Amino acid sequence: MRPILALTVLIAPIALTACGGGGGSTTTRSSAAPSAAQMAVDPAALYCQGSGGTVLPRTAGGRRADLCRMPDGRTVRAADLLNSHNDL
């Protein structure tokens, strides 16, 4: 029984460190607008930009719900714009 306890005492700190329990670097999420690189991975945002629109980053219910301001002044959901012009 004693060897098992000793092994547990030795392995526990290693396992906790591997799980991110250490106080290393922390990252915080800012409420700033996403960068151009982050926008590029969203097909709807890319389609908006390709159509001459400007992406307005938004979230709704914890999910991304970008808007697209079209050159004619209309504002539409970027995903709706993409879906209305492409069969999925």
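Suppose we filter 41, 55 for residues that are of a type in the set (A, V, I, L, M, F, W, C) and at pLDDT 75 or above; which single one remains? I'd like the intermediate steps shown before the answer.
Details: 41 fails: at pLDDT 75 or above.
Answer to the selection: 55.
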Would you confirm, using the coordinates I've provided, whether residue 80 is part of a loop (DSSP other than H, G, I, E, B) and modelled with pLDDT of 65 or more?
no
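For the subset of the range 58-72 comprising residues that are among the charged types (D, E, K, R) and surrounded by 14 or more Cβ atoms within 10 Å (Cβ to Cβ), which member is farthest from residue 41 (Cα to Cα)? Write out each step before concluding.
So the first thing to find is which residues in the range 58-72 are among the charged types (D, E, K, R), and the list is 58, 63-64, 66, 69, 72.
Checking the rest, the ones that are also surrounded by 14 or more Cβ atoms within 10 Å (Cβ to Cβ) come to 64, 66, 69.
On the way: 64: 12, 66: 13, 69: 19 Å.
Here the residue is 69.
Of all residues in the range 39-72, count the ones that are outside any loop (DSSP other than H, G, I, E, B) and of a type outside the set (Phe, Trp, Tyr).
At the first step, the residues of the range 39-72 found to be outside any loop (DSSP other than H, G, I, E, B) are 39-40, 43-50, 54-56, 59-60, 63-64, 67-69.
Checking which are of a type outside the set (Phe, Trp, Tyr) leaves us with 39-40, 43-46, 48-50, 54-56, 59-60, 63-64, 67-69.
Residues meeting the conditions: 19.
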So the check is Cβ under 8 Å with 6+ separation or different chains; which pairs have a first residue in the range 73-87 that's over 15 Å from residue 46 (Cβ atoms) and a second one that's of a type in the set (D, E, K, R) and surrounded by 11 or more Cβ atoms within 10 Å (Cβ to Cβ)?
75/69
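The values are calculated or read from the model by the stated rules, or taken from the named source; none is laboratory data. Quick caveat: nothing in here was measured; it's all calculated off a predicted structure. When we count neighbours, we look across all protein chains shown, and the Cβ atoms used for this are built from the backbone with ideal geometry, even at glycine.
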